[in-house]
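Each remark here refers to the structure printed beneath this line.
The values are calculated or read from the model by the stated rules, or taken from the named source; none is laboratory data. A quick note: this is a predicted structure, and the numbers were derived from the prediction, not measured. For neighbour counting, all protein chains shown are included, and Cβ atoms are generated from backbone atoms with ideal geometry for every residue, glycine included. Protein only, heavy atoms only, side chains kept; ligands, DNA and RNA dropped before computing areas. Shrake-Rupley method; radii C 1.70, N 1.55, O 1.52, S 1.80 Å.
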Amino acid sequence: QVHLVESGGGLVQAGGSLGLSCTASGLIFSIVNMGWYRQAPGKQRELVATITRDGSTNYADSVKGRFTISRDNAKNTVSLQMNSLKTDDTAVYYCNLHPYLSTYWGQGTQVTVSS
């Protein structure tokens, strides 16, 4: 059974930084493309960043230049470094495959950016 466990969220002031991590189990991590997603209150879940199994990355326009996605296939982890955070970045952040599989959603990790 696949498990994706996110960690690293918290409360940070606007302009600050946070690093998120996601540990995967139950799948051959090195051959799947991964993504970070987020869901803000009252909004639909959106794709934030993706990374292919070969390490190619892509970002939503809203986070381009501020967020960096990376992966460590030896540790089955995918990370999201978030800099220059804005209040609009407040959301629950999730990792999943890209494209996502609905049965793989974990608990997510809350990121709150205060003004």
All positions within segment 6-34 that are closer than 14 Å to S79 by Cα, in a strand (DSSP E or B) and out of contact with any Cys (no Cβ under 7 Å at 6 or more places or on another chain): S7, L18, G19, L20, S21, T23, A24
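Here's the yes/no breakdown for (1) assigned to a strand (DSSP E or B); (2) free of Cβ contacts under 8 Å to residues at least 24 places away in the same chain; (3) over 15 Å from S17 (Cβ atoms):
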residue	(1), (2), (3)
D54	no, yes, yes
S70	yes, yes, no
L80	yes, no, no
L85	no, no, no
N96	yes, no, yes
Residue selected from segment 17-43 under the condition over 13 Å from the mean Cα position of the chain (by Cα) and among the polar types (S, T, N, Q), by the criterion farthest from A91 (Cα to Cα): S30
Residue among K64, K43, K86 that is open to solvent by 50 Å² or more (accessible area, probe 1.4 Å) and under 19 Å from G8 (Cβ atoms): K86
Residue that is farthest from G16 (Cα to Cα) [pool: residues in segment 99-115 that are outside any strand (DSSP E or B), open to solvent by less than 70 Å² (accessible area, probe 1.4 Å) and not hydrophobic (A, V, I, L, M, F, W, C)]: Y104
Boolean, A14 is open to solvent by 30 Å² or more (accessible area, probe 1.4 Å), more than 11 Å from the chain's Cα centre (by Cα), among the hydrophobic types (A, V, I, L, M, F, W, C) and more than 25 Å from V2 (Cα to Cα): yes
Residue count, segment 67-115 (criterion: of a type in the set (F, W, Y) and in contact with an Asp or Glu (Cβ under 7 Å, 6 or more places away or on another chain)): 2
